């Protein structure tokens, strides 16, 4: 489906880049309008790639002998001052470390403490998942802080790529708005010139 996303971005954008900018201001319009518009196209494509290629937060299917899979676990998020930073690992690994959680007291359940969250067991992956993690049937894995599976980028949107997905939606929306404005200006210019809006007049340099 990723190829269809490229088609949806490029098919309307390329004619606007080639013909519409020229139709508004000639070769000067092609330069001063075309270059920023080209940057907008490239930025949209870049963000699609960034969403698709970034690990959304896949939870490895690893089992531990220290975990009782028949027991219910409740965890609390550690406060910022409780977190310890390991300078030997990367910033990303520090940020996504599971050390951000701590087990709640044995006598504290999720129903008794509004801040405690129950860990769920995935029957497919056979693992206990962190809070807000869900199994994706399309990807076949559990995703941490799972939002949804997006067929347009061919992957899930989760903890590690949500910021790129939001940026893609925002900048692609801006790109669509710019496209609509340029087309509106183009039709206004052609109407002011008194030329019929035929295909020949539209694409003739």
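The values are calculated or read from the model by the stated rules, or taken from the named source; none is laboratory data. Because the structure is a prediction, the values reported are computed rather than measured. Cβ: placed from backbone, ideal geometry, glycine included. Neighbour counts: every protein chain shown.
Of note:
- Scanning segment 47-73 for residues that are outside any helix (DSSP H, G or I), surrounded by 16 or more Cβ atoms within 10 Å (Cβ to Cβ) and at pLDDT 85 or above turns up 54, 56, 57, 58, 59.
- Screening residue 25 with (1) in a helix (DSSP H, G or I); (2) touching a residue at least 40 places away in the same chain (Cβ under 8 Å) gives one miss only, at (2).
- Close Cβ contacts (under 8 Å, 6 or more residues apart or on different chains) running from residues in segment 143-170 that are on the phi > 0 side of the Ramachandran plot to residues that are surrounded by fewer than 18 Cβ atoms within 10 Å (Cβ to Cβ) and at pLDDT below 90 comprise 145/132; 154/1; 154/2.
- Cβ-Cβ distances below 6 Å connect the following pairs, each with a first residue in segment 55-79 that is farther than 17 Å from residue 142 by Cα, a second residue that is surrounded by 12 or more Cβ atoms within 10 Å (Cβ to Cβ) and modelled with pLDDT of 75 or more, and a separation of six or more residues or different chains: 73/119; 74/118.
- Checking residue 29 against (1) surrounded by 16 or more Cβ atoms within 10 Å (Cβ to Cβ); (2) modelled with pLDDT of 70 or more; (3) under 22 Å from the mean Cα position of the chain (by Cα); (4) more than 30 Å from residue 123 (Cβ to Cβ), the condition it does not meet: (3)
- When 179, 172 are checked against the criterion of being at pLDDT 90 or above and under 18 Å from the mean Cα position of the chain (by Cα), a single residue qualifies: 172.
- Scanning segment 127-157 for residues that are within 13 Å of the chain's Cα centre (by Cα), over 9 Å from residue 57 (Cβ atoms) and outside any loop (DSSP other than H, G, I, E, B) turns up 148, 149, 150, 155, 157.
- Single residue of 82, 91 found to be modelled with pLDDT under 85 and under 26 Å from residue 165 (Cα atoms): 91
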